[in-house]
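Just so you know, all these numbers are worked out from the coordinates, no wet-lab data involved. Just so it is clear, the structure is predicted and the values come from calculations on it, not from any experiment. So basically every Cβ, Gly included, is an ideal-geometry build from the backbone, and we count neighbours across all protein chains shown.
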Amino acid sequence: MKQPIGIFDSGVGGLTVYKAIKRAFPAENIIYFGDTARVPYGPKSENTIIEYSIQNARFLLQKDIKILVVACNTSSAVALQELEKLTDIPIIGVIKPGSKLATDSTHNNHIGVIGTEGTIRSEAYNKAIKSILPEAEIFSCACPLFVPLVEEGWLNHPVSRIVAEEYLNFFKDKEIDTLVLGCTHYPLLKSLIDEIMEHKVKLIDSADAIALHLKTLLPVESSTEPVMDRFYVSDNEAKFSQIAEYILGVQPTPIKRVRLYESWFE
């Protein structure tokens, strides 16, 4: 059986990345881990985010993966350098691909970024965008309540609209033409965000950016071998399955709960 691609996220949001990669590479085996017991990562300290990210990566590395995709923007912003010390296989974060897509999309160089507190605090997107487009004006806003709203499944709830309007009001006078959805949970609120931004702003989806970047590293192959994707969570398989079915259109199986400290000895 072919070596799989490994993906981890703090919760269900990374399934948007899984979906984009699966669409681009249908013959690849994928292993997904969602750290649902410890979501959200955004408000946590850098040391804790690094610790959790290393545990997630070690779990997937045990599965003989050939590429590790860090679908969590907070982990990508804070922990990527530490993760690269663990292995020689390619490790792909979402910051650089998302930044490249944003700079390719803007016409007036006014780029907005929304993300978790940890991602915005790190200024990772600001640095990555400026390295590609030095003249860019970047306006960043932390949206910490978006992740728990998505994890709760409140994608079309009136409370989500009220919260989104409150956050996105920050951009009203910034004249942005491009907005980076700097968390893999946020594309699940894309239609709501697009509506509030009056359909005038190009929304940059981390999932699409990752899939595009992965095509530069991995050939798209056809295969007669059966494809076997596996899904792991650290808590609450039933809730994960429910939201996953909404994201993917099908219920992912099998879903197995793991305790990371025990998985090292499996």
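Here's how it looks for Ile92: its modeled amide H is under 5 Å from those of Leu68, Val69, Val70, which are all 5 or more places away or on a different chain. For Ile30, the residues whose amide H sits under 5 Å from its own are Ile5, Met228, Asp229, Arg230, ignoring neighbours fewer than 5 places away on the same chain, with H placed 1.01 Å from N. In the chain, the inverse of the mean reciprocal separation of distinct Cα atoms equals 18.5 Å; this is its Kirkwood hydrodynamic radius. Net charge of the neighbourhood of Phe25, taken over other residues with C-beta under 9 Å away and scored Lys/Arg +1, Asp/Glu -1, is +1. Rounded to the nearest whole angstrom, the semi-axes of the ellipsoid equivalent to the stretch 179-240, taken from the Cα gyration tensor as √(5λ), stand at 29, 21, 10, largest first.
Within a straight-line Cα-Cα reach of under 30 Å, Lys172 can be paired with the following lysines, leaving aside sequence neighbours fewer than 8 residues apart in one chain: Lys44, Lys96, Lys100, Lys127, Lys130, Lys190, Lys200, Lys202.
For the stretch 89-113, backbone nitrogen atoms closer than 11 Å to the point 7 Å from Glu137 Cα along Cα-to-C-beta are found at 108-111. Computed about its Cα centre, the charge dipole of the stretch 95-206 is approximately 320 debye, with only Lys, Arg, Asp and Glu carrying charge at their Cβ. Computed across the stretch 133-266, the Kirkwood radius stands at 17.8 Å (inverse of mean 1/r, all Cα pairs). Considering only Gly98, Pro254, Gly112, and ranking their Cα positions along the charge dipole of the chain that arises from unit charges at the beta-carbon of Lys, Arg, Asp and Glu, the one farthest toward the positive end is Pro254.
Computed over every Cα-Cα pair of the stretch 76-191 and binned at 5 Å starting from 0, the pair-distance distribution P(r) comes out as 2, 11, 21, 22, 19, 14, 8, 3, 1, 0 percent. Computed 3J(HN,Hα) for the stretch 192-208, one whole-Hz value per residue from the Karplus formula 6.51 cos²θ - 1.76 cosθ + 1.60 where θ = phi - 60°, is 5, 4, 4, 5, 5, 7, 6, 6, 9, 10, 6, 8, 9, 9, 4, 4, 5, glycine and proline marked x.
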